[in-house]
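Below you'll find the structure, written out as structure tokens, and then a few comments.
Where a number appears in this text, it was derived from the coordinates with a stated rule and is not lab data. The structure displayed is predicted, hence computed values, not measured ones. Because the Cβ atoms are built from the backbone with ideal geometry, glycine has one as well, and the counts that use them run over all protein chains shown.
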Amino acid sequence: MKINEIKTNPDNPRVIRDGMFKKLVQSIKDFPEMLEKRPIVVNTDMMVLGGNMRLKACAEAGLKDVPVMVADWTEEQQREFIIKDNVGFGEWDWDSLANEWDSEELNDWGLDTPDNWGGEELDYSGANQEIDVDNLDGSMTIKLNYTEGEYWKVKEELSKVAETPEQAVYKLLNL
């Protein structure tokens with residue numbers, strides 16, 4: 001179907017941030033044939049139910065036509081599909097990936113691999129410095145580093161536990 005005949009869903013609850021979006025665009029440029037196996041799902045009004053970000057990435061990649069599957073569903077079925085299509089039920093088996101896949105390819109394909117990919121030791125020697133307890137101002141900071149994808153997952157999970165990340169960590173540690 002012509003890409004300009006498809007309507008994006010203004011109520012799409014899923015977004016892809018800049019870095020991941022660029023990876024999606026590149027993925028489509030590198031392997032557009034995958035779209036045949038995973039078409040954009042639209043309702044009978046040609047509004048996207050599944051694949052809003054893929055549609056946006058296809059336009060960014062310069063595609064004029066995209067594979068589409070039309071779903072003639074009730075409003076309730078459409079709403080359910082929009083969420084279920086974006087829920088990630090599985091987890092990555094990092095050991096299997098480390099043993100069977102090339103980390104550079106995985107990163108090129110959009111999968112953020114852990115910093116210690118391949119088993120190399122991380123250097124934490126400067127991470128735990130002596131604290132001058134006489135000069136504390138009443139609050140302290142713990143800094144954690146994540147990839148962009150990990151950051152959003154952690155933030156989402158912490159928001160399920162408490163209002164702020166600090167409160168969530170405190171609660172999870174049973175303090």
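Quick notes
- So LEU63, is it part of a loop (DSSP other than H, G, I, E, B) and of a type outside the set (Asp, Glu): yes
- So GLY62, is it at negative phi and not aliphatic (A, V, I, L, M): no
- Residues in segment 1-53 that are in a loop (DSSP other than H, G, I, E, B), within 16 Å of LEU111 (Cβ to Cβ) and aliphatic (A, V, I, L, M): 1 in all.
- Residue in segment 10-31 that is touching a strand residue (DSSP E or B) at 6+ places or on another chain (Cβ under 8 Å), closer than 29 Å to GLU156 by Cβ and of a type outside the set (A, V, I, L, M) present: yes
- Members of segment 4-59 found to be of a type in the set (A, V, I, L, M, F, W, C), over 15 Å from VAL70 (Cβ atoms) and either crowded, with 19+ Cβ neighbours inside 10 Å or in contact (Cβ under 8 Å) with a residue 24 or more places away in the chain (or both), listed by number: VAL15, ILE16, MET20, PHE21, LEU24, VAL25, ILE28, LEU35, MET53, ALA57, CYS58, ALA59
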